[in-house]
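As structure tokens, the structure follows; a few thoughts come after it.
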Amino acid sequence: MKKEAKKLNKSNILNLIKEEAEFILKKEEYHDKIVKLNDELKNLYENRDFVGTFGFAGDNKKSVSGFKETPNISYIAMLEKEFNAQDSLKANKEEAILNEDQLNEIDKLKEENSSLKKQIEEISAFISEMKKG
């Protein structure tokens, strides 16, 4: 059996774009849920020492409750890496734009400075002419 090649047409392209957009939106939705869940877990662990005062085992050195290490769920770790990479790219772009704006401002100031120097030279020359005449 021959495998049929899919032909590109407007409908297929629009479906692919729609699927990709849904994929990106779903990933962002999961990322937000994971960040929220992580914050909730953080709050749970930060408040664990308080329960030790009521006779329960808290998360001190002697306690064996809870996770010894944060479990690494591969797809979640992959999503985290991807969003960290996106965040660093975004930060780098913002920094590059800021640097470019600063360089443009410096160039403008240099042009203005040379223009002012020319005007000072012209005024000095004019004053010298006036003194002679």
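Some observations on this one:
- Too-long pairs where the Cα-Cα distance tops 19 Å, listed order kept, from K33/K93; K18/K93; K18/K81; K6/K27; K27/K81: K33/K93; K18/K93; K18/K81; K6/K27
- Volume of the Cα convex hull of the range 92-133, divided per residue and given in Å³: 25
- DSSP-loop GluC sites (Glu not before Pro) across the range 1-42, with at most 15 other Cβ within 10 angstrom: E4
The numbers here are math on the coordinates, done by the rules we state, and not lab data. Note that the structure is a prediction, hence the values are computed from the model and not measured. Note: ideal-geometry Cβ built from the backbone for every residue, glycine included; neighbour counts use all protein chains shown.
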